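For reference, the structure discussed in these notes is given below.
The values are calculated or read from the model by the stated rules, or taken from the named source; none is laboratory data. Keep in mind the model is a prediction, meaning the values are calculated, not measured. Here the Cβ is made from the backbone with ideal geometry for all residues, glycine too, and neighbour counts use every protein chain on show. For the accessible areas, the whole protein counts, side chains as well, though only heavy atoms, and no ligand, DNA or RNA atoms are used. Shrake-Rupley method; radii C 1.70, N 1.55, O 1.52, S 1.80 Å.
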Amino acid sequence: MDKIPTAKFRIGQVVRHRVYPFRGVVFDVDPVFNNTEEWWLAIPEDVRPRKDQPFYHLYAENAETEYVAYVSEQNLVADESGEPLRHPQIEEAFVEDDNGDLHARERRMN
């Protein structure tokens with residue numbers, strides 16, 4: 001049986017892309033690739049990530065816009081800038097502690 005990779009980044013952690021100018025907050029993690037083959041094949045082959053690594057769902061933003069991104073672990077680094085994020089879903093999903101760390105809000109069932 002294959003070993004499931006351990007995620008390097010945690011939910012609530014601010015990260016940035018190694019190559020492209022965007023950053024965001026991790027809101028979910030897949031232990032291995034869990035998107036469509038079409039999505040994966042749309043990535044240029046010379047930069048296409050391996051599927052056998054964690055992939056992160058991010059509330060992401062760049063200079064122009066906010067969006068949701070799906071990014072491989074190999075393409076992320078921790079963002080230590082301390083710069084605030086403006087993505088509107090961050091406030092809905094997380095609460096900030098006194099140290100500026102983000103923690104998932106408790107979900108209430110109706």
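Here Asp46 clears all of (1) of a type in the set (D, E, K, R); (2) at pLDDT below 95; (3) in a loop (DSSP other than H, G, I, E, B); (4) over 13 Å from Gln13 (Cβ atoms) except the condition numbered (3). Looking at Gln89, Gln74, just one residue is assigned to a helix (DSSP H, G or I), in contact with an Asp or Glu (Cβ under 9 Å, 6 or more places away or on another chain) and either open to solvent by 40 Å² or more (accessible area, probe 1.4 Å) or among the acidic types (Asp, Glu) (or both), and that residue is Gln89.
Pairs, please: C-beta under 7 Å, at least 6 apart or cross-chain, first residue more than 18 Å from Asn35 (Cα to Cα) and in the stretch 70-91, second among the acidic types (Asp, Glu) and not in a loop (DSSP other than H, G, I, E, B)? Close Cβ pairs (under 7 Å, with a partner that is among the acidic types (Asp, Glu) and not in a loop (DSSP other than H, G, I, E, B)) amount to Leu85/Glu61; Arg86/Glu61; Arg86/Glu66; His87/Glu61; His87/Glu66; Pro88/Glu66. Scanning the stretch 28-44 for any residue that is open to solvent by 60 Å² or more (accessible area, probe 1.4 Å), out of contact with any Ser or Thr (no Cβ under 7 Å at 6 or more places or on another chain), within 18 Å of Ala78 (Cβ to Cβ) and touching a residue at least 24 places away in the same chain (Cβ under 8 Å) turns up at least one such residue. Filtered by the rule that a residue be assigned to a strand (DSSP E or B) and either free of Cβ contacts under 8 Å to residues at least 40 places away in the same chain or open to solvent by 60 Å² or more (accessible area, probe 1.4 Å) (or both), the stretch 3-26 gives Arg16, Val26.
Filtered by the rule that a residue be in contact (Cβ under 8 Å) with a residue 40 or more places away in the chain and not in a loop (DSSP other than H, G, I, E, B), the stretch 49-59 gives Tyr56, Leu58.
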